[in-house]
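Heads up: the structure comes next, in structure tokens.
The values are calculated or read from the model by the stated rules, or taken from the named source; none is laboratory data. Nothing here was measured: the structure is a model prediction, and the numbers come from that model. Every residue, glycine among them, receives a Cβ derived from its backbone with ideal geometry; neighbour counts consider all protein chains shown. SASA here: full protein model, heavy atoms, side chains in, ligands and nucleic acids out. Shrake-Rupley method; radii C 1.70, N 1.55, O 1.52, S 1.80 Å.
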Amino acid sequence: MRGGFARSVARALLRLYSADFRARYGAEALEVVEGDLGVARERAGLLAGWRMGLVLAAFGMHGVLDRITGGPSGGGLTGWAGSGWSHDVRGAVRSAVRRPAFTLVAAASLAVGVGASTAAFALIDALLLRDISGAADRDRIVEVQRIERGGEPAQWTWPDFVRLRDGSAPLASAALVQPGAVSLSEGAGGAGAGADRVMALFVTSEYFATLGVRPTRGRFPGAEADRPDGGVREVVLSHGSWQERFQGDPEVVGRVIRVNREAYTVVGVAPADFHGHRFGSRPSLYLPLTRHPAALADPERVFRSATVGWGEVLARLAEGATAERLEGALAAVAWEGGDPGGATPGAEPPPRIRAVPARPLPLEARAPVTAAGTLLVGLLLLVLGATSANVAGMLLARAASRTGEMALRLALGSGRGRLVRHLVAEALLIFLVGGVAGLAVARRLVPWFDPGRWVPTPFPIDLGVEVDGRSFAFALAVTTLFGLACGLLPALQVVRGDLATMMRRSSGGGVRTGRLRSAFITGQVTVAALLLVSAALFVRSLHEGASIEPGFTPAGVHTTRLDLALEGRDDPDEIRTFTTEVVTHLRGRPGVERVAVATDVPLDGGSSSAPVRVGSAGAERWIQSHFAHVTDGYFEALSIPLRAGRTFEASDGADAPLVAILNETLARTAFPDGDALGRVVYFALDSVGREVVGVVGDTSADLVTDEAAPQIFTPLQQDPAPTLHVLARIAGDEGAAGRLLGDEILAVDPALALGPVRVLADLTDLGLLPQRIVVAIAGALGALALLLAALGVYGVVSFTVRRRTREIGVRMALGSSRTTVVRGVLREGVLLALPGLLIGGVLALLLAGLLRSFMVGVGPSDPLSWLAALGLLLAVIVLACVLPARRAAGVAPADALRVE
Amino acid sequence: MPPFDPTRMLPLKPAHYLMLLVLADGDLHGYAIKKEIARRTEGRTRLGAGSLYRSLGQLEEAGLVAESEWRPREVLDDDRRRYLTLTARGRQVAAAETDRLARLVADARAAGLSS
């Protein structure tokens, strides 16, 4: 939003306030609004527009409130005194109650529109507009990012973090943070049952001070928790886990619980409104960073290394310092590390340090989320606009039929302004009823934003979306604005002109109200065409996506995830033994057809990749490939076809020669001459080569829509890794099979913190999730818009038919056939809708261009989608005209001539 | 006219109370009141222009604040700004509200609701 434009909007909104208010505070209030707008404009990109919009909306809302309460002199501290408005409100209520069907239909259709856009606003609000919940003095909290060669923020190394924290930069405090999963059991005893995987934040001691958070109970760990020896075993509970796991036990401080099977003392509880500094995943525990499994496993590597990246940094600016000053001070520091994993750290250019205001959503994610969110709210407001146009159309029809009554009132001495106010109050009342119902609708819609409803997530994700005061303000502002517009337009149409013309209009004509109504219809049909074409494009694209072969057979395969690092069993031999135990144990169970353990399964969205080296010294090539370490039976369990050679066997153990299996793409890329079998490849940092023993078919790595990518498989026994998926093809009922898998793994080790058991076919569906969401949204909105357009056209056409009853009667008396009459009415409806169809179609092309990234296998100009969508819309419009047309054709000439 | 009873205006809305509180330290104009409130509440209460001036208008109408005669030195002054001052009534009402809150806090302490 441009500054000058926003200022003129603010000036216009000031007109909403009473004259009394403007005289006293007008100039000053404008100054303050401009100040707030200035602050809002400092936000990045689209976010600035949102913020400025909120400032203006709030200012406008108070203007309306000021008017309703009759200005400062109207109310005093308790507000609301009887002004002319209360009379209008009573009148509006009376006339709404007098036509219950009209009021209900109008309010219900508005409720859907307001509800959907308010829910979308609540989502955007939670994602983008909120500050870190529970933090204090937020202006001083910054995220300190180190930007390295790639331009993306890199993780901080421990030595550089210490340099930052203890240096002379203008910081009050700084913290290094690393999220991670842990296993948690409440019992102080040993390997008790009932361990859970929960989300934890590993933080240095100043984390809470940096965010300005104080414990509700106990204390937070002190500086001694940052000593690299990891000697402080203290844990802070989130308020949620204190309430749910410990039933709000007042004596919880001092209790001993087990985290990753080790004993920790609970020293404090975080406040209820604090959920960590990041959006979405709410940590259950806060642990000292020095107690992170990786730090415990290899302290030397973590605390001394100049290359091991190790978390993000939050800092609190010193009193009076600015982010710029901090950046200036940090630019002068000689940082050590370079790109983690880079070849020669010394050769790296020094990282650029950036201090950005800390927000719940990471800076990198804000731009795409803002764009998608703005588009969504924009579309919903379009639908709401179409709904409002419908209601306005109905109001207009009613107002037009009341022109005579209005003229009479004017003649009897009512002021023109008074009449307009009366009509506007009627419209506003309907809109406000719709708005309140819309809030209820929004409350129903919000739970659908829980990602857990759509996909199996490893941890509960709470987006914190709620219909709160801000959403309420949004809904109120939207309904008031649309309500005012929809009330004013018809009202001004009706009371325009002198008394004589009004009287004349009341008994016929009404050309201009007709023009206004066709404008409304054009708008509605445009929105419907826009949404339907988009929906058709997305449905087609989903269809294309679903017909893609993922390269394996997910049916019947169940899988669960576990992390041996969290169980203290990540020693290579332990992993080998455990894997063998689980596989042998499961193989003997009834119904279990195939079992395998692997570090990765296709399509779960978290595949890792590493370089594979081929060719002799001097002529070597590196091919970046996805990889998985798998036991024998993996390819059989997933029915991945073997193209050449053999799959892994139990004999490919730790002491056997190193072997690898390539997928077709990697085999072709690495060995273009065509024969991969028996050749040697080097995986990642291998010094010893691996013999290629087999080639298998390609599978999709993360999303089914991904192109086939190189992939290498090695035996898990030769490359033991602690993060594992157990997968089993089990016959029979899904639920029973899932329970069987979970129970049998726990039978091997009852204290394991097992992830949920999932059906692989669900994960495959997950691969098309973005497309599904877009189809659901576009489809629902499209259907709604279609209904609205049909209602709108029906309303207008039946209205004109009623008006022309006499004319139609005359025509029929003069020999017009019924067919001619019906055709005439249909033609009128189609002509009415045509401009909207064309405009909407062109706009859809632009919209589809914006959403191209969600489309698979179809372009934005796919002719089939266009014909189908516009054809459907046209058919529905014709259908909407059929009823009035039949009524017209059924007119008996004699009756018609008697009308009026 | 019956004598003025400040307790009849209680409880005050939080924003109203904060405004009276801020004005007790000296006369200020609207924008300065907004900034001072934000500072005292550690940025938690941020008033928009509309709610700020409507609330001030309500206080003025109720006779708790009034336009001030006092002006800062001329160079700093912007004649658009109206300086507001706490009236004797305003002081009484704010004091009555403070007593009311203090009694509540005492009750809360007695019930063990403090850390």
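Provide the per residue accessible area, probe 1.4 Å, for the protein assembly as shown, rounded to a whole number of square angstrom.
45
Ballpark to the nearest 100 Å², how much total accessible area do B and A bury together, probe 1.4 Å?
2300
What is the gain in length, in nm to one decimal, between residue A:411 and residue A:668 on full extension, counting 0.36 nm per residue of separation less the C-alpha to C-alpha distance?
Result: 83.5 nm gained on full extension.
What are the semi-axes of the equivalent ellipsoid of segment A:138-359, taken as the square roots of 5 times the eigenvalues of the Cα gyration tensor, listed largest first and rounded to whole Å?
One finds semi-axes of 32, 20, 14 Å for segment A:138-359.
Can you grab the distance from the C-alpha centre of segment A:728-743 to the C-alpha centre of segment A:231-268, Å, no decimals?
That distance is 34 Å.
Please give the average number of partner chain Cβ atoms lying within 10 Å of the Cβ of each residue in A:59-66, rounded to a whole number.
For peptide A:59-66, the averaged partner shielding equals 3.
Per residue of segment A:22-33, in order, report the coupling 6.51 cos²θ - 1.76 cosθ + 1.60 (Karplus, θ = phi - 60°) as ³J(HN,Hα) in whole Hz, putting x for Gly and Pro.
4, 5, 7, 10, x, 4, 4, 4, 4, 4, 5, 4
Can you tell me the convex hull volume per residue for the protein assembly as shown, based on C-alpha atoms, in Å³ to the nearest whole number?
It is 225 Å³ per residue.
From the residues B:85, A:639, A:213, which one has its Cα farthest along the dipole of the protein assembly as shown in the positive direction, the dipole being from +1 and -1 charges on Cβ of Lys/Arg and Asp/Glu about the Cα centre?
B:85
Pop out the ³J(HN,Hα) list for segment A:111-118 in order, Karplus 6.51 cos²θ - 1.76 cosθ + 1.60 with θ = phi - 60°, rounded to Hz; leave Gly and Pro as x.
Along segment A:111-118, the couplings run 4, 5, x, 5, x, 5, 6, 5 Hz.
Using every alpha carbon pair in segment A:196-283, what percent of pairs falls into each 5 Å bin from 0 up to the bin containing the largest distance?
All Cα pairs considered, the percentages come to 3, 13, 25, 28, 21, 9, 1.
Just name one of A:254, A:528, A:134: the one whose Cα is farthest towards the positive end of the charge dipole of chain A (beta-carbon charges, Lys/Arg +1, Asp/Glu -1).
Ranked along the dipole, the leading option is A:528.
Quote the charge dipole size of segment A:557-730 about the Cα centre in Debye, to the nearest 20; the model charges only the Cβ of Lys and Arg (+1) and of Asp and Glu (-1).
340
Give, ordered by residue number, each residue of segment B:17-52 whose 1.4 Å probe accessible area is reduced by a minimum of 20 Å² on adding the remaining protein chains to the chain alone.
Listed by number, the residues meeting the 20 Å² cut-off are B:31, B:34, B:42, B:44, B:46, B:49, B:50, B:51.
Please find, in a Gaussian network model of chain B (springs between Cα atoms separated by less than 10 Å), the residue of B:24, B:88, B:66 whose mean-square fluctuation is greatest.
B:88
Between residue A:894 and residue A:827, what FRET efficiency comes out of the Förster formula 1/(1 + (r/R0)^6) with R0 = 35 Å and r the beta carbon distance, rounded to 0.05?
So the FRET efficiency works out to roughly 0.85.
Between segment A:89-136 and segment A:567-624, how many Å separate their Cα centres?
The distance from the Cα centre of segment A:89-136 to that of segment A:567-624 comes to 52 Å.
What does the highest-first list of A:527-537, A:576-586, A:717-727, A:374-384 look like by mean Cβ count within 10 Å?
In descending order of packing, they fall as A:527-537, A:717-727, A:374-384, A:576-586.
Given q = 0.14, 0.20 Å⁻¹, what are the Debye log10 I(q)/I(0) values for segment A:557-730, with equal point scatterers placed on the Cα positions and solvent ignored?
Each listed q maps to, in turn, -0.72, -1.45.
What's the carbon and sulfur percent of the protein assembly as shown's accessible surface, probe 1.4 angstrom, rounded to a whole number?
Solvent-exposed carbon and sulfur of the protein assembly as shown make up 59 percent of the total.
Quick one: which of A:276-283, A:755-762 comes out on top by average Cβ neighbours within 10 Å, and what's the full order, highest first?
The densest-packed peptide leads the list: A:276-283, A:755-762.
Just name one of A:816, A:106, A:167: the one whose Cα is farthest towards the positive end of the charge dipole of the protein assembly as shown (beta-carbon charges, Lys/Arg +1, Asp/Glu -1).
Positive-most Cα among the choices belongs to A:816.
Add -39500 (n - 2.57) for each DSSP H run of 4 or more in the protein assembly as shown, then divide by its residues: what number comes out at 222 nm, to the nearest 500 deg cm²/dmol?
-16500 deg cm²/dmol
Residue by residue, what Karplus-based ³J(HN,Hα) values in Hz, rounded to whole numbers, does segment A:740-747 have, using 6.51, -1.76 and 1.60 with θ = phi - 60° and x for Gly and Pro?
Each residue of segment A:740-747 in turn: 4, 4, x, 4, 5, 5, 5, 5 Hz.
Explain nothing, just the number: dipole magnitude of segment A:710-755 about its Cα centre with +1 on each Lys and Arg Cβ and -1 on each Asp and Glu Cβ, in debye rounded to the nearest 20.
100
Suppose every Lys and Arg Cβ carries +1 and every Asp and Glu Cβ carries -1, with no other charges. What dipole size does chain A come out with about its Cα centre, to the nearest 20 debye?
6960
Within segment A:1-62, list the GluC sites (Glu not before Pro) lying in a DSSP loop whose Cβ has at most 12 other Cβ atoms in a 10 Å radius.
Hits after loop and neighbour filter: A:42.
Mind listing the long-range amide H neighbours of residue A:644? Cut-off is under 5 Å, sequence gap 5 or more, other chains count too, H placed in the peptide plane at 1.01 Å from N.
When sequence neighbours closer than 5 places are left aside, the close amide H contacts are A:695.
Where Lys and Arg each count +1 and Asp and Glu each count -1, what net charge lies around residue A:223 among other residues with Cβ under 13 Å from its Cβ?
Overall, the nearby charge balance is -2.
Taking amide hydrogens as modeled 1.01 Å from N in the peptide plane, which residues meet the under 5 Å criterion relative to residue A:757, leaving out close sequence neighbours?
none
Across peptide A:21-28, how many C-beta atoms of other chains are within 10 Å of each residue C-beta, on average?
Mean inter-chain Cβ contacts per residue within 10 Å come to 5.
Roughly how crowded by other chains is peptide A:31-38, in terms of the mean Cβ count from those chains within 10 Å of each of its Cβ atoms?
Mean shielding by partner chains, rounded to a whole number: 4.
Quick one: plug the Kirkwood hydrodynamic radius of chain B (C-alpha pairs) into Stokes-Einstein at 10 °C, 1.306 mPa s, and report D in µm²/s.
Taking Rh from Cα pairs, D becomes 103 µm²/s.
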